[in-house]
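**Q** Encoded as structure tokens, here's the structure I'll be asking about.
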Amino acid sequence: MFLNRYKTFKRLSLVTALFLSFFAHFYASAEDAKAAIGDPAKGKELFDNNCASCHNVHKVMVGPALKGILERRKIEWIIPWVKNPAKVIASGDPYAKKLAADFQSAGVMTGFGALKDDDIKNIMAYVKEEETKTPDNGGGGGTTPKVEVKQDTTFVNWVLGGFIVVLLAMLVALLSVMSILRKYIAQNAASLAEEDKYILEDKTDWKTITSSTGFRFTVAFLVIGLIGKTTLDSLVSIGMQQGYAPEQPIPFSHKLHAGKYKIDCNYCHTGVRIGKHANIPSSNICMNCHSQIKKDSPKLEKVRTAYKTGKPIEWVRVHNLPDLAYFNHSQHVKVAGLECQKCHGPVQEMEVIQQYAPLTMGWCINCHRETVVKAEGNKYYDNLLKLHNQVSSDPMKVKDIGGLECSKCHY
Amino acid sequence: MKIVKYTLLSISFIGLVSCTKSVEDPGTEYAPAMYHSRAYEPLTQVTEEGNDYYNSNPNNPYKMNMRALPKNTIKISHFNANYYKNPEADLFFYKISKDSTGASVIATNPIPKSEAVIAEGKELYGRYCQHCHGETGKGDGEVGKVFGGVPNYAGAAKDRSESSIFYTITYGRNRMGAHGSQINVLDRWKIVHYVQTLQNQ
């Protein structure tokens, strides 16, 4: 009897306990949600506009990573901190003081007094939602931009090479078939018709051909012509460094910096609009980005050393005009408004920088003959343009205002 | 025998004709003394003494041919610029130092705001700022995405004053490096005008 009751009660209590734990769990999570969670969607917008410049959920940036912030600190601490961090530090709060000491180099966090309590809760909701996701290696959450790669000419070379091999194989096959047939015919010479006999007698007389004047003349012409062309080519290439692409002390890639990351040429080559030289950037310009990006890369060791010591990096000079010619970058880039690529080629696709243009006088002069002067909006050209238009109906080109004069560049 | 002779000859002939220059070789220089200036020139430096083309300045650090300006040098053209009406504004740039915090320095933009100046500022912004700060100042430039910590002008940096923007360009702020060596004073103020339009977009 008792035993039965006992068993019933035991069952009942078990069921009750089960229910209790069930409800307690729900209650707790509901309570949890009430206390800390706001609207993560609103929080994301606020976070991106206010916090993202210094904070990331997963990694330390200017300020600490916010992952797990709600476990480390209560919301009652976070709200006054966000609104006025300096005040919390001044109040002697030990955690705030430690934070300030750990991130001394970043300075004290900016206060966001304009944010309401609910705003901060929304931000925390976003952080809480975000911390469960896996961190994005890209850093800023953007997708890696794709670069269009120009097709390599090696492919074409391979195709052409393949054609040549196939043609040679066909030639060999045809010739061997011919010789086999000829042998077969020779064996059955008796059955040949009279008019087909010449096939057996048809033997090329190499000796007569090679000793003929025509043949000798042709060979001599080809040999002399080729030697002459080689000699002329190498003579012309004297003083012309087109295609020169020396190895540099740092494997700097214009394809990466100017192509993929779209950094403007002017950002590093600061002299190009104000002076004769475009300039090679000093190491402090490199460090504007590399203080954060790839800051431990061994390839950048020379940049870091140069930045610390002030001893410049010795790059290998690629473009070098002889002293007898004067060239000014600002005249061509700022005044004439030429694109850098006009003379330097597709730099944004070059892994190693190379000299694209021949930089010969003929090349300079040719451009001066063809290019129309960019005279609009430039008072310097007003009178020249007026005079030019009096005598000619063609647009004013560089050659028309003395662009072919020797003393323009040689003085 | 004859065949061997002709084969060897033609092989050496082909070899001679098909020679090309390596990319590492600048080629023969005509009048090399014209390519390697012995006078001091920027961007070239031959430091070994005894070299025919030695052109380094032994009085400069690391025998460099270029030198930074002495500290506190004032560019003469800054006085003559039309934008600068009063000497106080003229010297503003030289009065702030890296140690002055951005907020404590107060100056007004000496360049009057106009459509043309904002257009110029936009062009300069494209050259010097856009790859990090993005086309519309959201901090979403190609470099900015990798760099991290780039603020949204219209968000966290909305209330930043013009003098603070100028200071930031000149000396940097938090993760951003100093850009004073790349952009001249007047151009910086033009960029400030454009950044302000992005703040209020």
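Each value in this text was obtained by applying a stated rule to the coordinates, not by laboratory testing. Nothing here was measured: the structure is a model prediction, and the numbers come from that model. Cβ sites come from the backbone with ideal geometry, for glycine too, and all protein chains shown count toward neighbours.
**Q** Counting only residues 5 or more places away or on other chains, whose amide H sits under 5 Å from the amide H of B:SER56 once H atoms are built in the peptide plane?
**A** B:VAL46
**Q** Quick one: net charge of B:ASP187's neighbours, Cβ under 14 Å, K/R +1, D/E -1?
**A** +4
**Q** Identify, among A:THR110, A:PRO80, A:SER91, the residue whose Cα sits farthest towards the positive end of the charge dipole of the range A:36-131, taking +1 on the Cβ of Lys and Arg and -1 on the Cβ of Asp and Glu, with the dipole about the Cα centre.
**A** Toward the positive end, the furthest listed residue is A:SER91.
**Q** What are the residues whose amide H is under 5 Å from the amide H of A:LYS397, where those residues sit 5 or more places off or on another chain and H is modelled from the backbone?
**A** A:VAL373
**Q** Along the range B:189-197, what does the Karplus equation 6.51 cos²θ - 1.76 cosθ + 1.60 (θ = phi - 60°) give for ³J(HN,Hα), rounded to whole Hz, x for Gly and Pro?
**A** 5, 5, 4, 4, 4, 5, 4, 5, 5
**Q** Calculate the radius of gyration of the Cα atoms of the range A:36-131 to one decimal place, then report Dmax, the largest Cα-Cα distance, as a whole number, both in Å.
**A** When restricted to Cα atoms, the range A:36-131 yields Rg and Dmax of 12.4, 34 Å.
**Q** While we're looking at this one, here's another question. Got a sec to turn the phi values of the range A:42-53 into Karplus ³J(HN,Hα) couplings, 6.51 cos²θ - 1.76 cosθ + 1.60 with θ = phi - 60°, whole Hz, x for Gly and Pro?
**A** Per residue, the Karplus-derived 3J(HN,Hα) values read 5, x, 4, 4, 5, 4, 4, 7, 10, 9, 4, 5 Hz.
**Q** Looking only at other chains, what is the average number of their beta-carbon atoms within 10 angstrom of each beta-carbon in B:173-183?
**A** The shielding value for this peptide is 6.
**Q** Taking a cut-off of 16 Å between Cα atoms, list the aspartates and glutamates near A:LYS399, but don't count ones fewer than 8 places away on the same chain.
**A** Partners found: A:GLU370.
**Q** Binning at 10 angstrom from zero up to the longest distance, how are the C-alpha pair distances of the range A:288-411 distributed in percent?
**A** 10, 29, 27, 17, 12, 4, 0
**Q** Let me ask you something else. Sorted by average packing, counted as other Cβ atoms within 10 angstrom per residue and highest first, what order do A:320-327, A:378-385 take?
**A** Output ranking for A:320-327, A:378-385: A:320-327, A:378-385.
**Q** Then there's this: Highest mean first, how do A:234-246, B:187-199 rank when packing is the count of other Cβ atoms within 10 Å averaged over residues?
**A** Packing proxy ranking, top to bottom: B:187-199, A:234-246.
**Q** Another question, then. Here is the link list: A:LYS59/B:LYS145; A:LYS374/B:LYS190; A:LYS262/B:LYS145; B:LYS113/B:LYS145; A:LYS295/B:LYS71; A:LYS276/A:LYS342. Which ones come out longer than 21 Å on Cα distance?
**A** In this structure, A:LYS374/B:LYS190; B:LYS113/B:LYS145; A:LYS295/B:LYS71 lie more than 21 Å apart at Cα.
**Q** Quick check for me: using +1 on Lys/Arg Cβ and -1 on Asp/Glu Cβ, what's the dipole size of the range A:36-131 about its Cα centre, in debye to the nearest 20?
**A** Dipole magnitude for the range A:36-131 comes out near 300 debye.
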